[in-house]
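**Student:** Pasting a structure here, questions to come.
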Amino acid sequence: MYPTLFTIFGFRVDTYSVVWFIALSLAIVWVIKRLELYEIDEDEARTIMSVSFFCMLLGARSPEYIANWKIYFNRPSLLLDLNRGGLHEVGAISGAFLAAFLMSVIRRKISFLKLCEAAAMPALLAIAVGRWGCFLNGCCVGLHSDFFTAVHFPRDAEGFLRHPVQVYYSLAAFVIMFVMLFVEKKFTRYKYHSVIAPLTLILYSLMRIFVDYTRVRGSLLSRVAHHWNYKLLVYALPLEILWLVYGAYIYFFREARK
């Protein structure tokens, strides 16, 4: 693995941060390009996206901040050190989702449902690319395995193999993204709909619930984060299904008959 991308003038640039920065940048660019498809005002969307991006980072780091608040209180300079606790994917999605919802309700200039439709697949792209940062960093490792996909991580003893959970996340996100691109071709020609976002969330939630069983949860922070991630994913599923049913109703009983 390659946790350090390069060192310049004694400053270490870690691969994890660089890959996730690239992943998020690609996602933001793609969201902006998709705004026209969903008839969303770009200037207003940029405002909401800026706030959502900040809340996404806050959500991604919240388990680490909560678990080690004394350290960050005494040393605020460590708040942006992503190697301390890393980023938590479910927390990031939740933070961005709630921020976008509240901003859409307060400003009342953009349809929250349409914004979700535009951002759903770029979010998958960020996960698909960003998880390779986890793989190269050697974090978020899986349980011991002799399965043909198992790999050896440098921090383990010679011959000890693990599930490459990071790769599972990435490949699954790519598959879901391409499936949703196919589905989107069917629905985006209708003005009122909400199908892409809930279906994406359902598939993502199911993927995380199953894949997470192959992931190591050694530290207290990891166990707590997994516990709450699992609860959030499971409890959110009924709401996501209702959201999808609503979108399907709009399509089949209103738009498709026009």
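**Student:** Distance between the C-alpha centers of segment 93-162 and segment 1-41? Whole Å please.
**Tutor:** After rounding, the separation between the Cα centres reads 13 Å.
**Student:** Separate question: If you wrap a convex hull around the alpha carbons of segment 55-195, what volume per residue comes out, as a whole number of Å³?
**Tutor:** 133 Å³
**Student:** Could you work out [θ]222 nm for the chain from helices alone, using -39500 (n - 2.57) per DSSP H run of at least four and dividing by all its residues? Round to the nearest 500 deg cm²/dmol.
**Tutor:** The per-residue figure over the chain is -22500 deg cm²/dmol.
**Student:** Oh, and also: About its Cα centre, how strong a charge dipole does the chain have in debye, to the nearest 20, once Lys and Arg get +1 and Asp and Glu get -1 at the Cβ?
**Tutor:** 460 debye
**Student:** The chain: longest stretch without exposed GluC sites (Glu not before Pro) (DSSP loop, at most 13 other Cβ within 10 Å), sites themselves excluded?
**Tutor:** Free of exposed loop sites, the longest segment is 40-157.
**Student:** With N set to the number of residues, divide the alpha-carbon radius of gyration of the chain by 2.2 N^0.38 Å and report two decimals.
**Tutor:** Output field value: 1.07.
**Student:** List the pairs from LYS70/LYS114; LYS70/LYS231; LYS33/LYS186 whose alpha-carbon separation is above 31 Å, in the order I gave them.
**Tutor:** LYS70/LYS114
**Student:** Write down the accessible area per residue of the chain in Å², having rolled a 1.4 Å probe over the full set of protein chains.
**Tutor:** Ligands and nucleic acids excluded, the result is 56 Å² per residue.
**Student:** Tell me, which longest segment in the chain has none of the chymotrypsin sites (Phe, Trp or Tyr not before Pro) that fall in DSSP loops with at most 15 further Cβ atoms within 10 Å?
**Tutor:** My reading of the result: 10-146 is the longest stretch.
**Student:** Next question. With all protein chains present, how much of the accessible area of the chain (probe radius 1.4 Å) comes from carbon and sulfur, to the nearest whole percent?
**Tutor:** 70 percent
**Student:** While we're here: What is the local net charge at ILE40, summed over the other residues whose Cβ is closer than 12 Å to its Cβ (Lys, Arg +1; Asp, Glu -1)?
**Tutor:** -2
The values are calculated or read from the model by the stated rules, or taken from the named source; none is laboratory data. Keep in mind it's a predicted model, so treat the numbers as computed, not measured. Every residue, glycine as well, gets a Cβ built from its backbone with ideal geometry; the counts of neighbours run over all protein chains shown. Protein only, heavy atoms only, side chains kept; ligands, DNA and RNA dropped before computing areas. Shrake-Rupley method; radii C 1.70, N 1.55, O 1.52, S 1.80 Å.
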